[in-house]
């Protein structure tokens, strides 16, 4: 009986039940019977390929010649202590350009540098996996499952995250200072980094779609020109996330100021209302692009002047409360509030950009 026949027979006869175990934040592990591994000629430390099908998950031995990829044909990134930032930027550039595998070589025998590179790969490059590692090198594969990553779905997720971040900052504005503990407020940078990761993923998918237009169907893109528009939309949402983070940080700063100062006209209430309007605009703008709804995009832009007037009135009202220089805390509070208004205005501006991109991209399809 041949090896292939024995394998086939074992697969038919052998059935095992194993429990899935959580491994880190983004992976789940399951053990494999030792004799199955031996039949495949594998040993601990070898690399395998996971493939998802409609009916289950297939595990296959990995060969460095798989799909024509070998160490000699991979793009290289040489990492040294003195050029670390440049090396990481090159690694990101290869990821964004659509490379499938990269070999990272270390000039210095420095475990700290290796850990920095590993953290960068894990935190910044979605779909990146270290498939082989030795004392002076590692092989990184970028495994993006296009069937699960239509670009419009990613844009909606990014938009929802930016909106939730802005709402969190607005909630802090009206929080009770005595009951709120600043140190217990979640770090906004974690969510902002996730938005950044998704933006980089969109960038990579757009490049892959440009290089191979057969992938457009999986990306749920009908016209290659939509790829560029989607990338601009993703960048606008990423910038919204930056300003939402800034709103959270400024709100924390306002909470931490211990000053007795009344702002007439319910400034914080009006500021919160402006912020919620910004959340609505981003959601509608993103939805207009996702659904190719030009009419909805026009409706968003028609309200732009109205919200701009609201923000100007807020700033004018605040400036009337400017205090003498001796009242440092009061003026610090005013400065934070004005900066917060400016971030909400920038949030709105990027949202309007998305509506304009929708009109520019899809107007030719409107009958």
Measuring from a point 7 Å past the Cα of residue 80 along Cα-to-C-beta, which residues in the range 107-128 have an amide N at less than 13 Å? 107-109
Say each of residue 136 and residue 97 gets a label point 7 Å from the Cα, pointing the same way as Cα to Cβ; how far apart are those two points in nm? 2.5 nm
If the chain between residue 283 and residue 36 were fully extended at 0.36 nm per residue, the gain over the current Cα-Cα distance would be 83.9 nm
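As an exercise, use a Förster radius of 45 Å and the Cβ-Cβ distance of residue 58 and residue 309 to find the FRET efficiency, rounded to the nearest 0.05.
Details: r = 59 Å, r/R0 = 1.32.
So, using R0 = 45 Å, E works out to roughly 0.15.
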Contour excess over end-to-end distance, with Cα ends at residue 190 and residue 115 and 0.36 nm allotted per residue: 25.1 nm
Could you compute how fast the range 71-113 diffuses translationally, taking Rh as the Kirkwood radius over C-alpha pairs and applying Stokes-Einstein at 20 °C with viscosity 1.002 mPa s? Give it in µm² per second. 197 µm²/s
Gain in length, residue 157 to residue 49, computed as 0.36 nm per residue apart minus the alpha-carbon separation, to one decimal in nm? 36.1 nm
Separation of the residue 292 and residue 223 label points, Cα + 7 Å toward Cβ, nm: 0.8 nm
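So what's Rg/Rh here for the range 67-142, counting alpha carbon atoms and using the Kirkwood radius for Rh?
Using Cα coordinates only, the ratio equals 0.92.
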Taking the simple approach of a point 7 Å from Cα along Cα-to-Cβ for both residue 164 and residue 266, what is their distance in nm? 2.9 nm
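Every number in this text was worked out from the coordinates using simple rules, so none of it is lab data. Note that the structure is predicted; figures quoted are calculated from it, not measured. Cβ sites come from the backbone with ideal geometry, for glycine too, and all protein chains shown count toward neighbours.
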